[in-house]
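K.L.:
Dropping the structure in here first, questions after.
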Amino acid sequence: MTVPTPREPRYDTTTIMLHWLTALLVGLQWAIGQTLNWVPKGPGRQDYLGVHLTIGVLIAAALLFRLAWRVGPGRRLPAADPPLLHLVAKCTHWGLYVLLAATACLGITSAWAEGAPIYTLATIPSFAPGNHDLARALTGWHGTVADATLILAGLHACAALFHQYVLRDRLIRRMAPAGLATPDR
């Protein structure tokens with residue numbers, strides 16, 4: 001594997017770190033969300049839900065930092081795509097941000113409606129005690145928006161592969177963490 005030359009434009013380190021941290025957290029979070037009902041009710045499930053809530057808070061924090069970084073002066077971008085591709089990329093990124101924010105807001109509201117446990121240490125007080133229909137609806141919307149986020153993220157990954165292997169513009173190399181690169185195929 002070769003490392004990009006200094007002349008080859010790369011995203012800045014913070015943007016790269018935030019991108020891959022978000023991708024890792026979202027993938028892990030989705031997997032936990034899909035398997036939560038597999039865990040028998042009791043302290044183990046409460047702890048598993050606690051991990052899900054904790055990762056959700058980390059994703060929300062990363063998203064807020066990411067938005068501040070994106071609109072702030074710190075972000076450095078490589079050469080721009082052709083105008084249409086740039087517009088599609090920008091819409092995709094902002095779509096991901098909106099879906100991540102909606103997923104987090106719905107997750108928080110769902111936990112608050114239901115009175116979710118935080119590990120085995122405490123319970124979030126319910127704002128709608130006994131309203132199980134509301135809690136189920138919010139949880140369902142949370143899951144639907146999370147699925148939509150994963151679908152858009154998958155399309156985003158397919159677009160990166162299209163850039164790398166069809167357009168051959170080394171996009172994946174420009175977003176690879178320091179020390180990692182992909183071959184020029």
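Nothing in this text is a laboratory measurement; each read-out follows from the coordinates by a stated rule. What you are looking at is a predicted structure, and each value in this text was computed from that prediction instead of being measured. Positions of Cβ are backbone-derived with ideal geometry, glycine not excepted, and every protein chain shown enters the neighbour counts.
K.L.:
Sticking with the crude label model, points 7 Å out along Cα→Cβ, report the distance from Leu134 to Cys105 in nm, one decimal please.
P.N.:
Here the modelled spin labels are 1.8 nm apart.
K.L.:
Turning to a different aspect of this structure: Divide by every residue of the chain the summed helix terms, -39500 (n - 2.57) for each DSSP H run of at least 4, and state the resulting mean residue ellipticity at 222 nm, rounded to the nearest 500 deg cm²/dmol.
P.N.:
My calculation for the chain gives -23000 deg cm²/dmol from helical runs alone.
K.L.:
Taking a virtual spin label 7 Å from the Cα of Leu121 along the C-beta vector, which residues in the range 31-73 bring their backbone nitrogen under 17 Å of it?
P.N.:
Counting backbone N atoms under 17 Å from the label point, the list is 43-59.
K.L.:
Another question, if that's okay. With each pseudo-label sitting 7 Å past Cα toward Cβ, what's the Leu67-Leu167 distance in nm, one decimal?
P.N.:
2.6 nm
K.L.:
Taking 7 Å along the Cα-to-C-beta vector as the label spot, tell me the Trp38-Leu58 distance in nanometres, rounded to one decimal.
P.N.:
Taking the simple label geometry, Trp38 and Leu58 are separated by 1.9 nm.
K.L.:
Where does each of Leu36, Leu87 land when they are ranked from fewest to most other beta-carbon atoms within 10 angstrom?
P.N.:
So the ranking, lowest neighbour count to highest, is Leu87, Leu36.
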